[in-house]
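Notes follow once the structure below has been shown.
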Amino acid sequence: MKSFQEMTKEELLEEKKNLEKEYRKYQMRGLQLDMSRGKPSAEQLDLSMGMMDVLHSGEDLSCEDGTDCRNYGVLDGIHEAKVLIGDMIECHPDNIIIYGNSSLNIMYDTISRSMTHGVMGSTPWCKLDKVKFLCPVPGYDRHFAITEHFGIEMINIPMLPTGPDMDMVEELVANDAAVKGIWCVPKYSNPQGITYSDETVRRFARLKPAAKDFRIYWDNAYGVHHLYDIDQDNLVEIFAECKRAGNPDLVYKFCSTSKISFPGSGVAAIATSANNLEDIKKQLVVQTIGYDKVNQLRHVRFFKNIHGMTEHMRKHADILRPKFEMVLNILKEELEDIGAGNWYCPKGGYFICYQALSGCAKEIVLRAKKAGVVMTPAGAPFPYGRDPKDSIIRIAPTYPSIEDLEMAANIFVLCVKIVSIEKLLEE
């Protein structure tokens, strides 16, 4: 098939007429298909149901060190949970604090503490005239929502195939003391599925911030979320690189088991340097006496160790892989070489990122909604919900059944074709 750009006006109008006829058929079916967020499917949640059986009323709920998990105490989490999480994110257990169920909550708290009390003795951000954050785009909308909530100015940093544009990052961090942090999803990034290159990670570790309270917010949300056993991305461990570079305090690493066990009842953690941990604990001890140790113990007893978690994630991959491959195959069969945009083929994570023609994303998402497919709002992967080119669309293939997903993907490509033709006809 010819690309849309090669077609005459008459050919485009004829193609549009045929596509709209097909589109109306879908509209008449009254479908309700949800591809709006990266939620695990019920089938994935079923994988963790055994966690409900590892603890019972006759069970000894003591840790290896004798701590009774039913009682108060242990501010930073039980040791065996730290070992499990440490192996998951390649970090020493002594550098970890185990929180509740949500890494987003930890990130919010970390920003909030910086606003009210500062970072390791620095001026609280709320007393500064200006606070700025670097935001690789497209990125994770909930990250941006946190910094927007606190009135922090967000600066777009373009994502490259190797990760954020490090030339831009290095310049801004080195020359502007108002820049206090950068959001990062370094492995299987949300939404593109990009893993930062070795050189990108090393450049992060070697940053020379003008602000001594600058921190890298390293959200390792998809560290063990591979789609394939062998064809996997590898990420250089940033703490080791920071230590080599003489920047041990530069990074906060966040993680959770939300998409490993149960999203509403997982275990979340922060990993960072001894200096940062001391600073965090001073404030955390006012906030809580300790988080849910019974749930921490439940996770340890269920997974046992990192090998158990790895096997568990293979089962997740077996469920997700056919969904990702089906959507990518539909995109390839229907949209390749017609000049209506492009996309990334991730090896892990939870999303597929589609880049439509400029000015088309909002209309494509609206068209899909009118045909019964709910998607993430266009613009969401950018600060303030503003995509400068109105071109990025986040596809979330994880939650729907394979049958619903196939129908949703076919409706999506239909909308892409119609809106792309309309755009070209306008021009």
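Return yes or no: is Met1 in contact with a helix residue (DSSP H, G or I) (Cβ under 7 Å, 6 or more places away or on another chain), at pLDDT below 95 and hydrophobic (A, V, I, L, M, F, W, C)? Show your work before the answer.
Details: in contact with a helix residue (DSSP H, G or I) (Cβ under 7 Å, 6 or more places away or on another chain): no; at pLDDT below 95: yes; hydrophobic (A, V, I, L, M, F, W, C): yes.
Considered against the rule, which asks whether it is in contact with a helix residue (DSSP H, G or I) (Cβ under 7 Å, 6 or more places away or on another chain), at pLDDT below 95 and hydrophobic (A, V, I, L, M, F, W, C), Met1 comes out as no.
Within the range 187-199, restricting attention to residues that are among the polar types (S, T, N, Q) and crowded, with 22+ Cβ neighbours inside 10 Å, the residue that is farthest from Pro381 (Cα to Cα) is Thr195.
Asp34 passes every criterion in (1) closer than 24 Å to Gly266 by Cα; (2) part of a loop (DSSP other than H, G, I, E, B) apart from (2).
Determine which member of the set Tyr108, Tyr99, Tyr140 is buried (at least 16 other Cβ atoms within 10 Å of the Cβ), of a type in the set (Ser, Thr, Tyr) and over 16 Å from the mean Cα position of the chain (by Cα).
Working: Tyr108 fails: over 16 Å from the mean Cα position of the chain (by Cα); Tyr140 fails: over 16 Å from the mean Cα position of the chain (by Cα).
Testing whether each residue is buried (at least 16 other Cβ atoms within 10 Å of the Cβ), of a type in the set (Ser, Thr, Tyr) and over 16 Å from the mean Cα position of the chain (by Cα) leaves just Tyr99.
Considering Ala378, Ala408, Ala371, the condition of being buried (at least 20 other Cβ atoms within 10 Å of the Cβ), of a type in the set (Gly, Ala, Ser) and within 24 Å of Met154 (Cα to Cα) is satisfied by Ala378 alone. Residues that are of a type in the set (A, V, I, L, M) and open to solvent by 10 Å² or more (accessible area, probe 1.4 Å) within the range 321-330 comprise Met326, Leu328, Ile330, listed in sequence order. On inspection, Tyr350 does not qualify as part of a loop (DSSP other than H, G, I, E, B), more than 25 Å from Tyr196 (Cβ to Cβ) and within 21 Å of the chain's Cα centre (by Cα).
Across the range 331-348, what is the number of residues that are open to solvent by 80 Å² or more (accessible area, probe 1.4 Å) and touching a helix residue (DSSP H, G or I) at 6+ places or on another chain (Cβ under 6 Å)? Of the residues in the range 331-348, 1 are open to solvent by 80 Å² or more (accessible area, probe 1.4 Å) and touching a helix residue (DSSP H, G or I) at 6+ places or on another chain (Cβ under 6 Å).
Looking across the range 381-405, the residues that are open to solvent by 30 Å² or more (accessible area, probe 1.4 Å) and under 17 Å from Gly38 (Cβ atoms) come down to Tyr399, Ser401, Ile402, Asp404. For first residues located in the range 258-275 and open to solvent by less than 50 Å² (accessible area, probe 1.4 Å), partners that are assigned to a loop (DSSP other than H, G, I, E, B) and among the aromatic types (Phe, Trp, Tyr) and lie 6+ apart or on another chain with Cβ distances below 6 Å form the pairs Ala268/Tyr99.
Residue pairs whose Cβ atoms lie under 7 Å apart, sitting 6 or more positions apart in sequence or on different chains, and linking a residue in the range 286-307 that is free of Cβ contacts under 8 Å to residues at least 60 places away in the same chain and open to solvent by 50 Å² or more (accessible area, probe 1.4 Å) to a partner that is of a type in the set (S, T, N, Q) and not in a loop (DSSP other than H, G, I, E, B), do not occur here.
Residues that are out of contact with any helix residue (DSSP H, G or I) (no Cβ under 6 Å at 6 or more places or on another chain) and either of a type outside the set (A, V, I, L, M, F, W, C) or open to solvent by 30 Å² or more (accessible area, probe 1.4 Å) (or both) within the range 143-155 comprise His143, Ala145, Thr147, Glu148, His149, Gly151, Glu153, Ile155, listed in sequence order. Assess whether Arg244 counts as being in contact (Cβ under 8 Å) with a residue 24 or more places away in the chain, in contact with a helix residue (DSSP H, G or I) (Cβ under 8 Å, 6 or more places away or on another chain), basic (Lys, Arg) and farther than 27 Å from Asp198 by Cβ. When the stated conditions are applied, Arg244 does not pass them.
Name the single residue that is farthest from Lys281 (Cα to Cα) among those in the range 111-137 being among the hydrophobic types (A, V, I, L, M, F, W, C), open to solvent by 10 Å² or more (accessible area, probe 1.4 Å) and assigned to a helix (DSSP H, G or I).
Taking the range 111-137 and keeping what is among the hydrophobic types (A, V, I, L, M, F, W, C), we get 111, 115, 119-120, 125-126, 128, 131, 133-135, 137.
The next check asks that each one be open to solvent by 10 Å² or more (accessible area, probe 1.4 Å); those that pass are 115, 120, 126, 128, 131, 137.
Okay, now just the ones that are also assigned to a helix (DSSP H, G or I), so 115, 126.
Working: Met115: 16, Cys126: 21 Å.
This residue is Cys126.
You will find that of Ile338, Ile364, Ile319, Ile393, the residue that is assigned to a loop (DSSP other than H, G, I, E, B) and either free of Cβ contacts under 8 Å to residues at least 60 places away in the same chain or of a type outside the set (Phe, Trp, Tyr) (or both) is Ile338 and no other.
For the condition modelled with pLDDT of 95 or more, buried (at least 19 other Cβ atoms within 10 Å of the Cβ) and within 23 Å of the chain's Cα centre (by Cα), Ile78 does not qualify.
Give the residue that is least open to solvent (accessible area, probe 1.4 Å), with candidates limited to residues of the range 81-96 that are under 13 Å from Val300 (Cβ atoms) and β-branched (Val, Ile, Thr). I'd like the intermediate steps shown before the answer.
So in the range 81-96, the residues under 13 Å from Val300 (Cβ atoms) come out as 81-88, 93.
If we keep only those that are β-branched (Val, Ile, Thr) as well, we get 83, 85.
Details: Val83: 53, Ile85: 4 Å².
By that ranking, first place goes to Ile85.
Being under 24 Å from the mean Cα position of the chain (by Cα) and farther than 16 Å from Cys255 by Cα is true of Asp34. Inspect all residues belonging to the range 63-72 and state whether any of them is at pLDDT 95 or above, touching a Ser or Thr at 6+ places or on another chain (Cβ under 6 Å), over 21 Å from Asn220 (Cβ atoms) and not in a helix (DSSP H, G or I). Within the range 63-72, one or more residues are at pLDDT 95 or above, touching a Ser or Thr at 6+ places or on another chain (Cβ under 6 Å), over 21 Å from Asn220 (Cβ atoms) and not in a helix (DSSP H, G or I).
The values are calculated or read from the model by the stated rules, or taken from the named source; none is laboratory data. Quick caveat, the model's predicted, so the values are computed rather than measured. Note that each Cβ is placed from the backbone with ideal geometry, even for glycine, and that neighbours are counted across all protein chains shown. Quick note on the areas: whole protein, heavy atoms, side chains included, nothing else; ligands and nucleic acids left out. Shrake-Rupley method; radii C 1.70, N 1.55, O 1.52, S 1.80 Å.
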